[in-house]
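Step one of this worksheet: look at the structure below.
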Amino acid sequence: MTRKHLKSLFRFFLNNKKKTTHTQIGSFQMLINNDHALPYYLKFLPHYSKNFPRIAGHVNKKHSDLVILDIGANIGDTVALVRSEINCPIICIEGDSYFFSILKKNIEQFIQVIPFQIFLGDSSKTITGKTECNRGTLKITEKNTVENSEKIEITTLDNFFFQHKDINKAKLLKIDTDGYDLKIIRGGLKYINETKPIIFFEYDTTLLSEANDDGLSTLDLLDKIGYSSALFYDNYGRLILSTTLQNKEQVEQMHNYIKKGNGAFPYFDICLFHKIDTNLAEEVIRNEMEYFKNI
């Protein structure tokens, strides 16, 4: 994205705030708040958010009864992009009331998309903090001293599935929650151990640090329960490399590259496969390499 585009984008955000409009996402028209950065990312970054729908397509070939769990569903953009490729049930979880209101309107055009308004974390508790929206993203700041702080109810992914036993446990788990991703994983270890989903999540060391999380310890934990194959993408959606969680040196090198935001890009998206899905992981890796080779 050029400097001219960035300046234009910044002016647009300042002028529009929380007005809404419709925009094309995948094959669908979606309602979106005008200060949301997504339309510009999709326009100027051709690979942005396209990796997850491709992966979902490969997973669906092996698991024809695929259910996707989309945590941090925002306005439903992942739903639109996935449904542009495959048709499968999607469970959407979004905690913010404003994004949730847009999400509910957007998914009226889809069948078998179920929304829930809850915040997830590593334990069930009430915290004092503040939700902060920034160009379509949202994060929770847990501090009593934050101006306009409020009580925020947090539950765990395991508790969610216990309370909704009628919902099939999802084989593909996507998390995008600006620093809470690994807390949510730790709060869903019973579900993860039982279902062994493919896990696609954001790995931002700066946001993890702000959420009092370190990142590597959770990757070690996933290694210990059988997760192995890992695909690292930059935040623009381009594949960087594939490796395994057992390759500790390489994983730590990747972690250190973006530590404190010092890399060429701020975060990774990581896709993890359990050892039982090694063949599927190898197929996805081959196809992703071929996809980027032919661009």
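Under a Cβ-only charge scheme (Lys and Arg +1, Asp and Glu -1), can you give me the dipole magnitude of the range 3-293 about the Cα centre, in debye to the nearest 20?
Numbers: 37 positive and 36 negative charges, 172 e Å.
The dipole magnitude comes to about 820 debye.
If you take the charge dipole of the chain about its Cα centre, with +1 on Lys and Arg Cβ and -1 on Asp and Glu Cβ, which of Leu245, Leu42, Ile175 is farthest toward its positive end? Of the listed residues, the answer is Leu42.
Tell me, in nm to one decimal, what length is gained between Asp166 and Glu252 on full extension, where the rule is 0.36 nm per residue of separation less the Cα-Cα distance?
Numbers: separation 86, 0.36 × 86 = 30.96 nm, distance 3.95 nm.
27.0 nm is the gain from fully extending Asp166 to Glu252.
Computed from backbone phi, the HN-Hα couplings of the range 176-182 come to 8, 10, 6, x, 9, 4, 6 Hz, rounded to whole numbers (Karplus: 6.51 cos²θ - 1.76 cosθ + 1.60, θ = phi - 60°; Gly and Pro given as x). Residues considered: Gly72, Gly261, Gly121. Largest GNM mean-square fluctuation over the chain, using C-alpha springs under 10 Å, is found at Gly261.
Among Val113, Ile32, Tyr227, which residue has its Cα furthest toward the positive end of the charge dipole of the chain, with +1 on Lys/Arg Cβ and -1 on Asp/Glu Cβ? Checked the options; the winner is Ile32.
Ranking Gly188, Gly215, Gly72 by how far each Cα lies toward the positive end of the dipole of the range 3-293 (charges on Cβ) leaves Gly72 at the top.
Could you check what % of the DSSP bridge pairs in the chain are antiparallel, to the nearest 5?
Numbers: 32 of 50 bridges.
Taking every DSSP beta bridge with both residues in the chain, the antiparallel ones total about 65 percent.
Computed over the chain, the quotient of the alpha carbon radius of gyration and 2.2 N^0.38 Å is 0.96. Note on the range 93-211: semi-axes of the ellipsoid equivalent to its C-alpha gyration tensor, largest first and rounded to whole Å, are 23, 18, 14. Please work out whether the range 172-260 counts as rounded, prolate or oblate from its C-alpha gyration tensor, where a ≥ b ≥ c are the square roots of the eigenvalues and a/c under 1.5 means rounded, while otherwise a/b larger than b/c means prolate and anything else oblate? Here the range 172-260 falls in the rounded category. Sorting 158-168, 226-236 by their mean Cβ neighbour count within 10 Å, with the most densely packed peptide first, gives 226-236, 158-168. Within the straight-line cut-off of under 21 Å between alpha carbons, the lysines reachable from Lys19 are Lys7, Lys43, Lys104, Lys105, Lys139, sequence neighbours fewer than 8 places apart in one chain being disregarded. Using the Cβ of Ile118 as centre and a radius below 11 Å, the other residues enclosed give a net charge of -3, where K and R count +1 and D and E count -1.
With 18 Å as the limit on Cα-Cα distance, the pairs of Lys224/Lys248; Lys125/Lys224; Lys171/Lys196 that go past it are Lys125/Lys224. Mean sequence separation of contacting Cα pairs (under 8 Å, at least six apart), scaled by the length of the chain, corresponds to a relative contact order of 15 percent. The modelled label-to-label distance between Phe292 and Ser101, using points 7 Å beyond Cα along the C-beta direction, is 4.0 nm.
We did not get these values from a lab; they are worked out from the coordinates using the rules stated. Just so we're clear, the structure is a prediction, and the values are computed from it rather than from any experiment. Counting neighbours? That spans all protein chains shown, and the Cβs are built from the backbone with ideal geometry, glycine included.
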